[in-house]
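So the structure is just underneath, and the comments pick up after that.
What follows is calculated from the coordinates using simple rules that are stated; it is not laboratory data. Since the structure is predicted, the reported quantities are computational estimates derived from the model, not experimental observations. Cβ: placed from backbone, ideal geometry, glycine included. Neighbour counts: every protein chain shown.
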Ligand SMILES: NC(=O)c1ccc[n+]([C@@H]2O[C@H](COP(=O)([O-])OP(=O)(O)OC[C@H]3O[C@@H](n4cnc5c(N)ncnc54)[C@H](O)[C@@H]3O)[C@@H](O)[C@H]2O)c1
């Protein structure tokens, strides 16, 4: 076969097959039989994104195809097994700051992809691995899409997660292909599909075994070539057609619109814009529909929400890179001691992600609950067809539960999640070593407030003791604080980070300081919420103000979930560390004394199931009476300022004290740890948006009227004076 091997750079056209394919660009080869193969990258490229360079090379390749004589068919493939195209290079999205530039980029991309559609010969896409965003929009311009059943195959348009919409024709082409209800479900939620689901929903035409994807794709292409025509466009049928093209469409639109008004969805404009565009796929002529989509992309791409979400995307990538630090080891056999709320969740997560785990507790009932909890989770996943039955069984088999630890010589991770008691944790670590835990096994603690360094003191090899602070519930919460004790080695930190990434979490490394990052920042926030209650503001008003700000849950409801017993303990630890600034509000101790803990005790500020008033209201009323001051309701703005500005100050204090290394850690840690609104891009971006000088001036005013607990730190003051902050001046 003589080929045109093309890197689509400025290199002269070559007819040689000898040159090694270059990374970063597409490769086009046209055989003597007139069949062209368009590879989206070089074989050794593990991730293919649509960078500027790749888009330019694609544009050149498509122009070349349009003028290739005797062309009979085109096969579009990824660079090799397990990768098609993961979508646009996010840096391109980040760099666009003008609406017109965003719109022009969309027009250019879509026009380019349409060239594929306009070729007079059949075009078949062979999809394996990620086929996302622009990658799918490209595939949608092919006549036929074949997806491999490879487990890495993921197909979808997740653009809304970056605050934008599919702008290379995706809203129009997908809606027309699969109908409005399915397109809305996929685009508005940024859903990713496995090959099988994509076939079921009609996003791809065939599902084929991974090993035979190439051969199948070629056979389908040959079939179309032999028939001498392109594949006829698929027509919508049945309900999909009714709900897309008739007045019944209103029902679909109303339902989607209602969902977009609720909860946190209202802070995100992209799904609303995408909804309009998808509808326009059926109400406007194609060119107008494409133009409207490009305009919408231009507007969204420059929005603060999109900039915040892209910033966050880079932070998640940065966090994932912690999983590749030098000296990291893979861990496979874990022993988890303590099977309560946290231990059971952590052990189940380990088993789900492929570790063999033994969960030990003194209490048989706790162990039975742990098994049942995992079973419930797996059953749910089976019902949603996210898991095959044999995989669910394998996960269950990997979780053993027992009251005794058994032999430890093959254990490479020992983790404790027993009650928050330093002496007990120390003793258990000593026991582990005495019972033959190998010297290179990691000893980890899930403590939320105790010093990791103290736990390691006196142990042989204290360098392998590390904090792995999961959040509740560990199966769902995305953050893990990896705590470096005074003696913890880089290798132990690296190994803990690698484990966190394997578990699908985002690690943030912190020093062994009281409250680490998240609980320390939460402390002034929750304290102030409690103080507002004592002054007379209703829990509902405090929670509503913070929901309006964008938090996923108000602080009063959060206190009920965490439990006032835990909040009271943590606030004592924080007071011991920062006696001047973190004096706990008396509400914590009073609620704990009245056993109005919250959800776990049948109700706290809210009722047992989170609705209505709980027994804690009586405690609150007594404390208010004792204060003897007339009740006062704070405004929404006052609530937000009193809760959020001290949070900003505390975050910067953590940076200045060296608890974390960089502002990025504050942004990621608080979005993933307490749900600080993701659309802000994180707490420091939010603070810069408000203006640090405004934050400081407001805190000064609050100090004057309400007390020294609001006094801003020197670091924050310095930053406010000097523009942008320097990274961690303490280190
Ligand atoms: N609950 C949370 O929200 C949360 C969040 C992050 C971290 N943590 C931390 O995780 C740890 C556990 O918290 P939890 O909420 O799961 O507590 P929990 O009370 O629900 O569970 C503790 C379990 O430890 C068991 N246990 C006690 N002594 C034991 C021993 N000697 N050997 C084996 N098992 C023993 C108990 O029977 C109980 O089942 C604590 O250090 C806590 O600070 C808790």
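Here are the numbers for this structure:
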read-out: Order by protection proxy (mean Cβ within 10 Å, highest first), peptides 583-593, 288-298; value: 288-298, 583-593
read-out: Cα long-axis angle, helix 692-706 against the chain (0 to 90 degrees, to the nearest 10); value: 20 degrees
read-out: Burial order of peptide ranges 434-442, 652-660 (average beta-carbon count within 10 Å, highest first); value: 652-660, 434-442
read-out: Relative intensity, log₁₀ I(q)/I(0), of the stretch 411-478 from a Debye sum that treats every alpha carbon as a point, q = 0.24 Å⁻¹; value: -1.05
read-out: The stretch 243-392: relative contact order in percent, alpha carbon pairs under 8 Å with at least 6 residues between; value: 13 percent
read-out: Global geometry of the stretch 577-632, whether rounded, prolate or oblate, following the gyration tensor of its Cα atoms and the 1.5 cut on a/c; value: oblate
read-out: Shape call, the stretch 648-691: gyration tensor on alpha carbons, a/c limit 1.5; value: oblate
read-out: Order by protection proxy (mean Cβ within 10 Å, highest first), peptides 685-691, 575-581; value: 685-691, 575-581
read-out: Helix 286-301 axis, angle to the chain major axis (alpha carbon atoms, nearest 10°); value: 30 degrees
read-out: Pairs of alpha carbons in the stretch 518-722 whose separation is greater than 29 Å (percent); value: 20 percent
read-out: Within the chain, percent of DSSP bridges classed antiparallel, to nearest 5; value: 25 percent
read-out: Sorted largest first, extent of the stretch 27-301 alpha carbons per principal axis (Å); value: 56, 43, 35
read-out: Of every Cα-Cα pair in the stretch 172-260, the percent that sits beyond 24 Å; value: 34 percent
read-out: Percentage relative contact order, the stretch 323-511, counting C-alpha pairs under 8 Å, at least six apart; value: 26 percent
read-out: Approximate shape of the stretch 262-363 as ellipsoid semi-axes (Cα gyration tensor, √5λ), whole Å, largest first; value: 46, 19, 14
read-out: Counting DSSP beta bridges with both ends in the stretch 27-301, the antiparallel % (nearest 5); value: 25 percent
read-out: Relative contact order (%) - the chain, alpha-carbon pairs under 8 angstrom, separation at least six; value: 8 percent
read-out: Global geometry of the chain, whether rounded, prolate or oblate, following the gyration tensor of its Cα atoms and the 1.5 cut on a/c; value: prolate
read-out: Scattering curve values for the stretch 507-632, log₁₀ I(q)/I(0), Debye with Cα scatterers, q = 0.11, 0.19, 0.20 Å⁻¹; value: -0.36, -1.06, -1.16
read-out: Relative exposure of 145, 389, 115, judged by other C-beta atoms within 10 Å (fewest first); value: 389, 115, 145
read-out: The stretch 444-577: C-alpha pair distances exceeding 21 Å, %; value: 48 percent
read-out: Packing-based exposure ordering (other Cβ within 10 Å, fewest first) of 260, 140; value: 260, 140
read-out: Projected area averaged over orientations for the stretch 370-453, convex hull of C-alpha atoms, nm²; value: 7.2 nm²
read-out: Within the chain, helix-based [θ] at 222 nm, where runs of 4 or more DSSP H residues each add -39,500 (n - 2.57), nearest 500; value: -15500 deg cm²/dmol
read-out: Kirkwood-type radius of the stretch 323-511, with distances r between different C-alpha atoms, in Å; value: 16.4 Å
